[in-house]
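I have placed the structure first, in the form of C-alpha cells, so that the comments after it can refer back to it.
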Amino acid sequence: MPQVRCSSFRSARSGAFSLVVLLALTLAPSAHAQTDAAAETDDAGDERHGALPSVVITATRSEQSSRDVPAAIDAVAIDNSDNDNLGINLSEVLSLVPGVLARNRQNYAQDEQVSIRGFGARSTFGVRGIRLYTDGIPATMPDGAGQVSHFNLDSAERIEVLRGPFSALYGNSSGGVIQLFTADGSEDFELRSGLVVGSYGTGRASVNLRGSGDAIGYNVDLTHFETDGYREHSAARRESANAKVTWQVTAGGKLTLLANTVSLPEAQDPLGLTRAQFDADPRQATAVALQFNTRKTVEQLQAGAIWDHAIGSEHTLRVLAYAGAREVEQFLAIPPGAQANPLQAGGNIDLDGDYDGVDARWTWTRGAFEITGGASAESQDLVRRGYTNFSGSTLGVRGILRRDEDNRVRNVDQYAQASWRFTDAWSLLAGVRHSEVRFRVADRYITAGNPDDSGRRDYSATTPVLGLLLRANDNATLYATWGKGFETPTFAELGYRNDGGSGLNFGLEPARSRNAELGAKLRFGDAIESNLAIFRADTDDEIAVATNVGGRSSFQNIGSARRQGIEGSLLARLSDRWTLQLAATWLEATFESPFLACTGTPCATPNTPVAAGARIPGVPRSNLNAALVWGGELGWRASARAETVSSVVVNDIGSESTPAYTVAGLDVGYGFVLRSGTLRTFARVDNLFDRDYVGSVIVNDGNGRFYETGLGRSVMLGAQWLWRPR
C-alpha cells in the first residue's frame, strides 16, 4: 500500500466520519412499525443478569455452544442500553472473566494493560503476547504488538475471550485471544443516544443507528469521549466512529462491510511514579512529564469486507480482506544529554504506517465431522522516524532528525482444524497452524557516527493443538487440551541491541511455549453455572529486559518460565431479580532459569542475579471480582461490585512490589417505558471508600517509576435513550 502522509490521512479520516453519517441517513428507513418496549422486559433476560451467551466462534471458527468446546472461553454480552458504565474501556467489561487482567492505567497515551494468564504482563505500553480482533480484523500487528483504543463498545454485541492451548490456532503472540463483535442491524430502526458525565471532567456522548431494510442491515456509531484525568497531566480526548453493513446478496451469500476510525489528539502522559512519589501524592505527574510535556497523538482509519458463502448444505467459504493506516507521534521524557550519543534515536517518535491482510477459509460439515482449512497473510509497512525532543533550551518540541527507516513485517500462515463427535458423549478437536514472520529494516539515516542499520530476520513455527471433551451428563462437561505456541519479539523489542551497537537486535529468538489445561463446565439446575480450569504453560527463550540506557530498553532471551494456576467463575441466579457473579484466578508465574538483569539507569550490562523460581513481574498471584445485581432493564435496578488483587512484583529482581488492594463500587438506575422506546438512567460510584492503590505497573522501568495510580473515588451519571419510531 502507498504511504499515507498526515494531511491525506486527516482528510481520509474526516471523509470517513462524513461517510458514516451519510451511510446512516441513506440506509435508515423512513418509518417502521413500533415495537412494544414493554415486551422486551424478559427478552435475553439471562444476559442482562450476567449470563454469558452460549454461542461462541473464536475457538473453532464456527458457531458452537461454549459447552461443546474443549477450551476456556467466555463471551461477554455488551449492550450499552443495558450497562451502567462509561462504555469506553475494555477493562469495564472484562472484570468478570477469569484469567484476564485488564487494567486501566488512567493514562490514555499508553492504552490499557491487558494480560491473560500472565501473557502480556511485561508490556509497558499497548498490548503484547495476546491476539486482538475486531470483527475478524486483527488489532494485533504481524509483529505481535496490539492496541485496543479503537474498540467501539457502543456498537458491540459481545466480546469473546479464549484462553489456553487453543489460542495457538491464531498464530504469533497468541497467549490468549480477545475478539470484539459488532452487533448486526436490528430488525426495526433504532436510534440510541447516550450521555455520561462524571468526576475529573470525564464524559461520553454517543449516537448509534441500527436497522434493516430488505436484504441490508446496518449499525453505525459515533462516540466522543474526553477527560481531564484523575492524575495531573493526564487529560485526553477521543473521537471514534464504527460502521457495519450486512447485505444478503444471494440465498447463500452475504457481504459484510466494516469501517472504523479513531482520533486521539495529544493525550497527555503523566508517566509512572516511584514508590516515594506514589506515597507522597498518588495523583501527581512526574516532574519530567511536565518539563517535556509528554504526550501522544494517534490517528487510525481501517476498513474491511467479509464474504460468507454457503455451497450446498455441507460447505461454506469465508474470505476477509482489510486495510488500514495509523499515525502515531509521541514525545518522551528523554533528557538532551542522553541524546548526545550518535546512535540515540531521539525523544520524539513519529510512526506513519499502513497495514493490510486477507484471510480465506473453507469449512466442510457432515454429521459428526467438521473440517476447516485456511490461510492468512498480514503485512505492516511502517515509516519510523525519531527526532530530538528539544530545540535549543526549549523542551518538548520536535528537534533534529535522528532516525529514519522503513520497518516492514509480513506473516503468511496456513491452518487446519477438525472436530469429530465420535459418540454422543465424546468429542475430539485437533488443529495445527504454520506461521512465518519476516522482519525487514531499510535504514535511510546514515551518518559518520550512525552506520547503515538495515537488516532482516525471519521466524517460523508450527503450533499443534489437541482437545478431548466428555459430556458426562446434561449438567457436566469435562475436557483436556494440549498445545504449543510462540511469540516473536515486536519491532519495539527489536529496536535496540543489548550490546549498545547500531542496528536492530536481530539476535532475539521467539519465545516458545507448551500449554496444557484441564477444565470442567458445570450446571446446577437452571440457577447456577460454573466453569473451572487448571492450566500450565512452560516457555523457553522467555523475552525480558536486558539493558536500560538513555531512556531506551533492550531485550534478551533468558531461558525458561512457567505460568500455572487455577481459574473459576460462578453465575448464580438467586431469584428472578437477584444475580451473583464471581470470577477468581490464582496464578503462579515464575522464571525457571536463573539469569542476570539490569538495575538502575543507565545500565549497559546485566549485573544482578535473578534466581530460578523468582516471580515474573506484573502478574498478581490472585485476583477476585464479584458483582451482585438486582433488577432488570426496566424499573429499579442496583448492583454492588468488588475487586481484590494481590501484590504485584514490579521488576525482574523483585526488589519492589505493589501492595494488595480491594476496591468496591455501587450503582443504581431506573428504566422508563415510553411511547416510542425506553430511557435508562443510572448513578454510579467507583472506589467507594476512596482507597489509594496502584492500578497498574510499568514493568522494569529503568528510572524506577513503576507505579500507575488507580482511580480514586468517582461519581458518574448517565442516560441512554433508545428510540423507535411509531
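The values are calculated or read from the model by the stated rules, or taken from the named source; none is laboratory data. Computed from a predicted model, the values in this text were never measured in an experiment. Note that we place each Cβ from the backbone using ideal geometry, even for glycine, and neighbour counts take in every protein chain shown. Accessible surface is based on the protein model in full, side chains and every heavy atom, while ligands, DNA and RNA are left aside. Shrake-Rupley method; radii C 1.70, N 1.55, O 1.52, S 1.80 Å.
Miscellaneous remarks
- Here the range 546-668 has an Rg and Dmax of 20.8, 64 Å, counting Cα atoms alone.
- Rounded tilt (10° steps) of 6-27 against the dominant C-alpha axis of the chain: 0 degrees
- Note on the chain: with charges restricted to the Cβ of Lys and Arg (+1) and Asp and Glu (-1), its dipole about the Cα centre is near 680 debye.
- Dipole axis of the chain (+1 Lys, Arg; -1 Asp, Glu on Cβ), positive-most option in Asn498, Val409, Leu258: Asn498
- Accessible area of Arg103 in the full protein assembly, 1.4 Å probe (Å², nearest 10): 10 Å²
- Each principal axis of the Cα atoms in the range 281-381 has its own extent, and those three values, largest first, are 68, 37, 22 angstrom.
- Between Asn341 and Ser593, the FRET efficiency from the beta-carbon distance, with R0 = 30 Å, is close to 0.40.
- Rounded to 5, the percent of DSSP beta bridges in the range 345-481 classed as antiparallel: 100 percent
- Percent RCO, i.e. relative contact order, over the chain, from Cα pairs under 8 Å lying at least 6 residues apart: 13 percent
- For the pair Val197 and Leu470, a Förster radius of 60 Å applied to the C-beta separation gives a FRET efficiency near 0.75, rounded to the nearest 0.05.
- Whole-Hz ³J(HN,Hα) from phi, Karplus 6.51 cos²θ - 1.76 cosθ + 1.60, for the range 709-726, glycine and proline x: 6, x, 5, x, 4, 9, 10, 9, 10, x, 9, 10, 9, 10, 10, 10, x, 5
- Projected area, mean over directions - the range 242-337, Cα convex hull, nm²: 10.8 nm²
- Helical content of the chain, expressed as a calculated mean residue ellipticity at 222 nm, amounts to -1500 deg cm²/dmol (DSSP H runs of 4 or more residues, -39,500 (n - 2.57) each, divided by residue number, nearest 500).
- Check: the range 204-251 dipole with +1 on Lys, Arg Cβ and -1 on Asp, Glu Cβ, in debye: 80 debye
- Summed residue charge, Cβ within 13 Å of Lys244's Cβ, Lys/Arg positive, Asp/Glu negative: -3
- Note on the chain: dipole from Cβ charges, positive end direction compared against Leu580, Val465, Leu153; the farthest Cα belongs to Val465.
- Taking amide hydrogens as placed 1.01 Å from N in the peptide plane, the amide H of Asp652 sits under 5 Å from those of Asn700, each at least 5 positions away in sequence or on another chain.
- Alpha-carbon radius of gyration plus Dmax, which is the widest Cα pair, for the range 74-144 in Å: 12.6, 37
- Using a Förster distance of 56 Å, the FRET efficiency for Arg440-Ala527 (Cβ separation, nearest 0.05): 0.50
- Look at the dipole of the chain built from charges on Cβ: of Val685, Gly304, Gly171, the Cα furthest out on the positive end belongs to Gly171.
- In this label model, Leu574 and Thr447 are separated by 6.7 nm, measuring between points 7 Å along each Cα→Cβ vector.
- Dividing the Cα radius of gyration of the chain by 2.2 N^0.38 Å, with N the residue count, gives 0.92.
- In percent, rounded to a whole number, the relative contact order of the range 214-283 is 31, using alpha-carbon pairs under 8 Å and six or more apart.
- Per-residue 3J(HN,Hα) values for the range 204-214, derived from phi via the Karplus relation 6.51 cos²θ - 1.76 cosθ + 1.60 with θ = phi - 60°, read 9, 10, 8, 9, 9, 10, 9, x, 7, x, 6 Hz in sequence order (x marks Gly and Pro).
- Cα-based equivalent ellipsoid, the range 394-547: semi-axes from gyration tensor eigenvalues, Å: 47, 18, 14
- Once all protein chains are placed together, Asp453 keeps about 30 Å² accessible to a 1.4 angstrom probe.
- About the Cα centre, charge dipole magnitude for the range 637-726 (Lys/Arg +1, Asp/Glu -1 at Cβ), debye: 1020 debye
- Here the contact order of the range 246-369, divided by its residue count and restricted to Cα pairs under 8 Å and six or more residues apart, works out to 24 percent.
- The range 648-726 - Kirkwood radius from inverse mean 1/r over Cα pairs (Å): 15.8 Å
- Length gained on full extension, His315 to Thr462, computed as 0.36 nm times the residue gap minus the Cα-Cα distance: 50.3 nm.
- Other residues lying with their Cβ under 12 Å from the Cβ of Leu679 contribute a combined charge of +2, Lys and Arg counting +1, Asp and Glu -1.
- Solution diffusion estimate, µm²/s, Stokes-Einstein, the range 354-459, Kirkwood Rh from C-alpha pairs, 4 °C, viscosity 1.567 mPa s: 72 µm²/s
- Solvent-accessible surface (1.4 Å probe) assigned to Asp221 amounts to roughly 0 Å².
- Hz values of 3J(HN,Hα) by residue in the range 566-579 - Karplus curve (6.51, -1.76, 1.60), Gly and Pro given as x: 9, 9, x, 9, 9, 10, 10, 8, 6, 6, 4, 10, 10, 9
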